[in-house]
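Colleague: Sharing a structure below in C-alpha cells format, with a few things to ask.
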Amino acid sequence: MSEIREGYKRTKVGVIPEDWEVVKLGDVASRITEKNKDNSIDKVFSNSAINGIIMQNKYFDKDIANRNNLTGYYIVEHGDFVYNPRISKYAPAGPINRNLYSFSGIVSPLYTVFRPKRENVINFLEYFFSSTLWLRYMQGIANYGARHDRMNITNNDFMKMPIPLPPLKEQQKIAQILSTWDDAISKQEALIEAKERLKKGLMQRLLSGEVRFSGFDEEWEEVRLGDIALKMQSGGTPKATNKDFYTGNIPFVKVNDMTKSGKFLLKTKVHITEEALDSSSAWIVPENTIIYSMYASVGFVTINKVKVATSQAMINIIPNLEKVDLEYLYYCLVEFKKHIHKFIETGTQGNLNAKIVKNLPIKLPCKQEQQKIAQVLTTADKEIELLKSELTALKEQKCGLMQRLLTGVVRTLNIEERK
C-alpha cells in the first residue's frame with residue numbers, strides 16, 4: 001500500500017484531503033418520485049449522454065412516449081438531476097444530467113430523478129457527475145441482468161453513492177475554476193457554429209454562381225453527373241453469414257464509415273478478403289473516387305484516399321478530371337444534399353437509385369474557376385477543423401483538471417483561506 005502524503009487520508013472513495021468528508025448522495029439530495037398524475041405536463045425529456053437533458057421530440061425527431069398516458073412519468077423541475085441507466089460508449093454507467101430548461105418536464109419512470117437539498121452543492125454535484133469519479137461505484141454494485149445495455153441497480157443503492165465533499169468555500173472555488181473552462185468551451189463552440197454558418201452561406205453563393213471571382217465571366221454549363229463521370233457503379237456486400245469473408249485486408253466501406261469520415265475517407269472499420277470480393281458485386285474502387293450514399297443516410301459524400309470496396313448502399317463515381325475538379329464536385333454534391341429529398345424514392349426508408357444519381361444536375365464553370373471555388377471552401381474547412389481541434393484540447397484539459405480538483409490532488413485554496 002502506497003504511503004499517504006501529509007494532509008490526506010484514505011477513504012472508500014480513495015485518498016482525499018483530511019478536511020474533506022465522504023457523504024452519501026442521499027445526504028445531499030432527495031430522490032423525486034412525484035408523478036404527472038393529472039397529465040398536466042406534456043413536455044417529455046430524454047437524457048442523452050452527449051446532449052444532456054433535451055426535449056424527446058427534438059432528440060428523436062418524433063414523440064416516443066404515448067402522449068395519452070403520461071401519468072406514470074416523473075416530474076422534473078428546473079435544476080433537478082436525472083439519471084438514465086442506459087449505458088453507451090459515452091456513458092459507461094449511464095448519464096447523469098441536470099435540467100437546465102427554465103420549465104418543468106417529465107421523464108420515463110425508468111429514470112431516477114433527484115434534487116439537491118442545498119443550493120450551494122448544485123454546481124459541485126454537476127461537475128462531479130460530469131467526471132468519471134462515480135463510475136467505479138456504479139459498476140461495482142450493478143446487476144446487469146438480461147439487458148447488457150442497461151445498468152440494473154436499486155434506487156436505494158443509487159442514493160448510497162459515496163461522494164467526496166470539500167468544505168463549502170472549496171466547493172465554490174472548484175466550481176468557479178471549472179466554470180471558466182466551461183465559458184471557454186462555450187465560446188469555442190459558438191465560434192465553430194458561426195464559422196460553419198458562414199461556410200454554408202459562402203458555399204451556396206459560390207456554387208450557384210451568385211458570387212464570382214474577378215477574371216471569370218464565362219457562362220456556366222449545366223450538366224448531368226453521369227456526363228462528367230468515367231464510371232459510376234454501386235458496390236456489393238459479401239454474405240454476412242460467412243464470417244471468413246470479413247477477415248481480410250481490403251478496406252470495406254459502410255455508411256457508418258462515411259458519416260464519420262468527413263471530406264476524406266482514410267480508413268474503415270471492416271476489412272474483407274479477395275474471396276469475399278469475388279463472391280459479390282463489390283469491386284476495388286481506386287483512390288480519389290467520390291463515394292455517394294444512396295440508402296439509409298442518403299446524400300453523404302466522401303473522397304476515398306485509399307483503395308476500398310463498398311457496400312451496395314453506395315455508388316462510386318470516378319470523375320472525368322479533364323472536365324471537373326475532384327474537390328469542386330465533392331462540394332457540389334455536399335451542397336446538393338439540401339435538395340435531395342426531391343429525388344428520394346418513397347418507401348420504408350428514403351432511397352436513391354443509380355439512375356437518379358446519374359441525372360443529378362451539376363453547374364459547371366470552367367476548370368480554373370472550379371479549382372478556385374474548391375480552394376476557398378477547402379480553406380474554410382481547414383479553419384473549422386483547426387477550431388474543432390482546439391475545442392477537443394479544451395475539453396480534454398478540463399477533464400484532466402476536473403479529476404484532480406474533485407479528488408483534492410490539486411487544492412484551490414491555501415491553508416489560511418481554508419480556515
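The values are calculated or read from the model by the stated rules, or taken from the named source; none is laboratory data. On a predicted model such as this, the values are computed, not experimentally measured, just so you know. Reconstructed Cβ throughout: ideal geometry from the backbone, glycine too, with neighbour counts over all protein chains shown. Remember, those area values only see protein heavy atoms, side chains included, never the ligands or the DNA or RNA. Shrake-Rupley method; radii C 1.70, N 1.55, O 1.52, S 1.80 Å.
Colleague: For the stretch 99-139, give me the residue count where each residue is of a type in the set (Phe, Trp, Tyr), open to solvent by 30 Å² or more (accessible area, probe 1.4 Å) and farther than 22 Å from residue 38 by Cβ.
Modeller: 1
Colleague: Within the stretch 260-280, does at least one residue satisfy the condition of being modelled with pLDDT under 95, touching a strand residue (DSSP E or B) at 6+ places or on another chain (Cβ under 6 Å), under 24 Å from residue 338 (Cβ atoms) and in a strand (DSSP E or B)?
Modeller: The answer is yes; a qualifying residue exists.
Colleague: Of all residues in the stretch 177-198, count the ones that are touching a Ser or Thr at 6+ places or on another chain (Cβ under 8 Å) and open to solvent by 60 Å² or more (accessible area, probe 1.4 Å). Walk me through how you get there before you give the answer.
Modeller: Going through the stretch 177-198, the residues touching a Ser or Thr at 6+ places or on another chain (Cβ under 8 Å) turn out to be 177.
Then drop every residue that is not open to solvent by 60 Å² or more (accessible area, probe 1.4 Å), which leaves none.
Of the residues in the stretch 177-198, 0 are touching a Ser or Thr at 6+ places or on another chain (Cβ under 8 Å) and open to solvent by 60 Å² or more (accessible area, probe 1.4 Å).
Colleague: Test of understanding: among 125, 110, which residue is aliphatic (A, V, I, L, M) and in a loop (DSSP other than H, G, I, E, B)?
Modeller: Working: 125 fails: in a loop (DSSP other than H, G, I, E, B).
When all the criteria are applied, what remains is 110.
Colleague: Let me ask something else. Please enumerate the residues belonging to the stretch 362-419 that are among the basic types (Lys, Arg), surrounded by fewer than 17 Cβ atoms within 10 Å (Cβ to Cβ) and not in a helix (DSSP H, G or I).
Modeller: Result: 363, 419.
Colleague: Can you give me the number of residues within the stretch 140-166 that are over 26 Å from residue 400 (Cβ atoms), of a type in the set (A, V, I, L, M, F, W, C) and either modelled with pLDDT of 95 or more or open to solvent by less than 10 Å² (accessible area, probe 1.4 Å) (or both)?
Modeller: Total meeting the criteria: 2.
Colleague: For the stretch 71-101, name all the residues that are touching a residue at least 60 places away in the same chain (Cβ under 8 Å) and of a type outside the set (A, V, I, L, M).
Modeller: So the first thing to find is which residues in the stretch 71-101 are touching a residue at least 60 places away in the same chain (Cβ under 8 Å), and the list is 83, 85-88.
Within the stretch 71-101, 83, 85, 86, 88 meet the criteria.
Colleague: Which of the residues spanning the stretch 250-269 are crowded, with 16+ Cβ neighbours inside 10 Å and farther than 9 Å from residue 308 by Cα?
Modeller: 254, 255, 257, 258, 261, 263, 265
Colleague: Same structure, new question: Which of the following residues is at pLDDT 95 or above and touching a Leu at 6+ places or on another chain (Cβ under 7 Å): 83, 127, 74?
Modeller: 127
Colleague: Go through the stretch 215-249 and count every residue that is part of a loop (DSSP other than H, G, I, E, B) and either loosely packed, with under 13 Cβ neighbours inside 10 Å or not β-branched (Val, Ile, Thr) (or both).
Modeller: 16
Colleague: Which one of the conditions (1) part of a loop (DSSP other than H, G, I, E, B); (2) open to solvent by 30 Å² or more (accessible area, probe 1.4 Å) does residue 324 fail to meet, given that it meets all the rest?
Modeller: The number of the failed condition is (2).
Colleague: Taking residue 102 as the residue in question, decide whether it is among the polar types (S, T, N, Q), modelled with pLDDT of 90 or more, part of a loop (DSSP other than H, G, I, E, B) and within 25 Å of residue 57 (Cβ to Cβ).
Modeller: yes
Colleague: Okay, moving on. Of (1) of a type outside the set (Val, Ile, Thr); (2) within 29 Å of residue 219 (Cβ to Cβ); (3) under 22 Å from the mean Cα position of the chain (by Cα), residue 399 satisfies all except one. Which?
Modeller: Of everything listed in (1) of a type outside the set (Val, Ile, Thr); (2) within 29 Å of residue 219 (Cβ to Cβ); (3) under 22 Å from the mean Cα position of the chain (by Cα), residue 399 misses just condition (2).
Colleague: All but one of (1) within 29 Å of residue 273 (Cα to Cα); (2) within 28 Å of the chain's Cα centre (by Cα) hold for residue 318; which doesn't?
Modeller: If we test residue 318 against (1) within 29 Å of residue 273 (Cα to Cα); (2) within 28 Å of the chain's Cα centre (by Cα), just (2) comes out false.
Colleague: Consider residue 212 against the criteria (1) within 31 Å of the chain's Cα centre (by Cα); (2) in a loop (DSSP other than H, G, I, E, B): it satisfies all of them except one. Which criterion is unmet?
Modeller: If we test residue 212 against (1) within 31 Å of the chain's Cα centre (by Cα); (2) in a loop (DSSP other than H, G, I, E, B), just (1) comes out false.
Colleague: So the check is Cβ under 7 Å with 6+ separation or different chains; which pairs have a first residue in the stretch 1-29 that's on the phi > 0 side of the Ramachandran plot and a second one that's exposed (fewer than 15 other Cβ atoms within 10 Å of the Cβ)?
Modeller: 7/18
Colleague: Kindly provide the set of residues from the stretch 64-86 that are of a type outside the set (Lys, Arg) and open to solvent by 40 Å² or more (accessible area, probe 1.4 Å), ordered by number.
Modeller: 64, 66, 68, 69, 71, 73, 77, 78, listed by residue number.
Colleague: Then there is this: Of all residues in the stretch 3-33, which are assigned to a loop (DSSP other than H, G, I, E, B) and surrounded by 13 or more Cβ atoms within 10 Å (Cβ to Cβ)?
Modeller: Once the filter is applied, which keeps residues that are assigned to a loop (DSSP other than H, G, I, E, B) and surrounded by 13 or more Cβ atoms within 10 Å (Cβ to Cβ), the stretch 3-33 yields 13, 19, 20.
Colleague: Of the residues that make up the stretch 331-349, is at least one farther than 15 Å from residue 230 by Cα, open to solvent by 50 Å² or more (accessible area, probe 1.4 Å), modelled with pLDDT of 90 or more and not in a strand (DSSP E or B)?
Modeller: no
Colleague: Would the stretch 354-369 turn up any residue that is within 30 Å of residue 273 (Cβ to Cβ), touching a Phe, Trp or Tyr at 6+ places or on another chain (Cβ under 7 Å) and not basic (Lys, Arg)? Give the steps one after another, and end with the answer.
Modeller: Pass one, the stretch 354-369, residues within 30 Å of residue 273 (Cβ to Cβ): 354, 357.
Retained after the next criterion (residues that are touching a Phe, Trp or Tyr at 6+ places or on another chain (Cβ under 7 Å)): 357.
Subsequent filtering for residues that are not basic (Lys, Arg) retains 357.
Among the residues of the stretch 354-369, at least one is within 30 Å of residue 273 (Cβ to Cβ), touching a Phe, Trp or Tyr at 6+ places or on another chain (Cβ under 7 Å) and not basic (Lys, Arg), which makes the answer yes.
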